[in-house]
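Below is one structure, written out as structure tokens, with a few remarks after it.
No lab work stands behind these numbers, since they all come straight from the coordinates. It should be emphasised that the depicted structure is a prediction, and the values quoted were computed from it without experimental measurement. A quick note on method: Cβ atoms are made from the backbone with ideal geometry, for glycine too, and the neighbour counts reach across all protein chains shown.
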Amino acid sequence: MHYNSNLKEKFLRVKAIDRGRQLFNMIKESLSGEEKDYTNGRIGKALFMLAIPMVLEMIFESVFAIADILFVSQLGDDAVATVGITESITTIVYAIGFGLSMATTALVARRVGEKKFEKAAKVSSQAILTGAIASFFIAVVGIFFSKDLLRLMGANATIVNEMSGYASIILGSNMIIMLLFINNAIFRSAGDAALSMRVLIIANCLNIILDPLLIFGLGPIPAMGVEGAAIATSIGRGLAVVYQFVLLFKGSGKIHIKIEHFTLKWKTIKKLIKLSLGGIGQNIIATSSWIGLMRIMAEFGSAAIAGYTIAIRILIFILLPSWGLSNAAATLVGQNLGANQSERAEKSVWAAGRINVVFLGLIGVVFFLFPAYFIELFTDDQGILVNGIQALKIISCGFIFYGMGMVLLNSINGAGDTQTPTLLNLISFWIVEIPVAYLLAIQFGWDQKGVFYAIIIAEAVLTLTALYWFKTGRWKLKKV
């Protein structure tokens, strides 16, 4: 009996070691950048292989923002304010970049699924041209009217007169941001997610090295202050874009772009713009609704706003793996629809949704039970703590809705239907969230709690309506 028990224990130990080895090999393979076909094989493995590099890519993007603020904060409040105000202006760049990358994902993934790699390369080149044209006009405004833009945003005289160079550089070089978005979308939609992750690693490492050198100076390098941060960001991202083009022209992955592809094809550009309008709309709707909620939160004082802001930062960081998984689902939907495997596309979405619901459900339980631990990492101010704990505890109750909702919406976008998610966002965030937040917080006297509950209600409405639309199957019929 004792012998059998030892034998069983040994068997379980060997099995656990074997599973660990398999997991390690899968992670290693997902980061290798090797060419893979995601229109066959196990769906769970395909999701895992795509999601790992996408999650890491998003984490590196977050590190990028943190590093900038960390160094700039040593220059004083005006420098930090300059970065913050400029970022609020560049939301238009991010909105356009997000929209074009979404359109690129839908078109390129579909062509890759059809095994029409030459057409995928042609679409990619037209997406790059479209982004470059859009960014040119933004650059002209940014270079020549940066002071006016800062003044319009309420910046003080010191920022306008002494630090406007930061805005000029960031807006003037916005093409770098645009191309970074679009090129990484090309890699991801082709299933080469590891390549886009490597690009972000290069950009981040260069930025972290150059930030202190250019901001504070070293030896023959003069201290450039906040403008040095803008130059470091532009150089870091710029060299990353150069690396992207080397990979695309070399044909290291499925997409091999050639010079002759860069002849303007207005039919393709029109299709890209039409699809991107939905993505731009989704971004603007979400951003503007957040501004609306902040306006309501302002009624309850700075402590309430600060606590809410800290809670949201924590939530956004925790949601990064979920966004990576939902992006992986979008890629699988596009490729499998292109391969005329609509049932496999649907199964991919349900698989990703289940994983996301379980993951965020568990995180939600932790946040609900131990919210103070996470808020205390950022502040010891009692007023902010109370509000932050309240925000984190209430909003985390909606994590199950967030988990399924983001997978459904990204997958519908990946199918090439960007109009439906835009409409659902508009209904949920502007027709439901803002009025309900005002009603509960102001009219019913729930104070900031009313805003937090309104967020859950809006996300529930968004998820349930997206679920209804997804189950109709109309997204499978979308031609792009």
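Could you calculate, for the stretch 299-454, the ratio of the Cα radius of gyration to the Kirkwood radius, expressed as Rg to Rh?
1.05
Give the share of C-alpha pairs in each 10 angstrom bin for the chain, from 0 to the last occupied bin, in whole percents, shortest bins first.
In order of increasing distance, the bins hold 4, 18, 28, 27, 16, 5, 1, 0, 0 percent.
Going through the cross-link list Lys45/Lys258; Lys122/Lys479; Lys45/Lys116, which pairs have a Cα-Cα distance over 21 Å in this structure?
Exceeds cut-off: Lys45/Lys258; Lys45/Lys116.
Relative contact order, percent, of the stretch 174-232 when contacts are C-alpha pairs under 8 Å separated by at least 6 residues?
Reported as a whole number, the value is 20 percent.
What would the Debye equation give as log₁₀ I(q)/I(0) for the stretch 260-305 at q = 0.15, 0.28 Å⁻¹, counting only Cα atoms as equal point scatterers?
With no solvent term, the Cα-only Debye profile gives -0.58, -0.92.
What number do you get for the stretch 39-264 when its Cα radius of gyration is normalised by 2.2 N^0.38 Å, N = residues?
For the stretch 39-264, the normalised Cα radius of gyration comes out at 1.09.
If you count, for each residue, the other Cβ atoms within 10 Å and average over each peptide, how do 318-331, 467-480, 182-195, 299-312 line up from highest to lowest?
182-195, 318-331, 299-312, 467-480
Relative contact order for the chain using alpha-carbon pairs under 8 Å, separation at least 6, rounded to a whole percent?
Relative contact order, the chain: 20 percent.
Starting from the Cα of Val246, step 7 Å along the direction of its Cβ; do the same at Ile442; then give the gap between the two resulting points in nm.
With each label placed 7 Å out from Cα toward Cβ, I get 5.5 nm.
Given the C-alpha atoms of the stretch 256-368, compute the convex hull and give its volume per residue in Å³.
Per-residue hull volume (Cα only) is 170 Å³.
For the chain, what does -39500 (n - 2.57) per DSSP helix run (n ≥ 4), summed and divided by total residues, give at 222 nm, in deg cm²/dmol to the nearest 500?
Here the helix-only value at 222 nm equals -27500 deg cm²/dmol.
Given labels modelled 7 Å from the Cα in the Cβ direction, how far is it in nm from Trp266 to Asn156?
5.2 nm
Just to check I understand the Karplus step: with θ = phi - 60° and J = 6.51 cos²θ - 1.76 cosθ + 1.60, what whole-Hz values come out for the stretch 264-278, glycine and proline as x?
These are the phi-based 3J(HN,Hα) values: 4, 10, 5, 5, 5, 4, 4, 5, 4, 5, 4, 5, 5, 4, x Hz.
Name the residue farthest towards the positive end of the dipole of the chain from the options Asn413, Gly113, Ser88, assuming +1 on Cβ of Lys and Arg, -1 on Cβ of Asp and Glu, about the Cα centre.
The one lying farthest along the dipole's positive direction is Gly113.
Among Trp266, Leu369, Leu75, flag the residue with its Cα farthest along the positive direction of the charge dipole of the chain, charges on Cβ as +1 for Lys/Arg and -1 for Asp/Glu.
Trp266
By how many nm would the segment from Phe144 to Ser288 lengthen if fully extended, with 0.36 nm per residue of separation less the alpha-carbon distance?
49.2 nm
Given charges of +1 on the Cβ of Lys and Arg and -1 on the Cβ of Asp and Glu, with all other atoms neutral, how large is the dipole of the chain about its Cα centre, in debye to the nearest 20?
Result for the chain is approximately 2540 debye, rounded to the nearest 20.
With unit charges on the beta carbons (Lys and Arg positive, Asp and Glu negative) and the dipole taken about the Cα centre of the chain, which residue among Ile43, Leu392, Ala454 sits farthest to the positive side?
The one lying farthest along the dipole's positive direction is Ile43.
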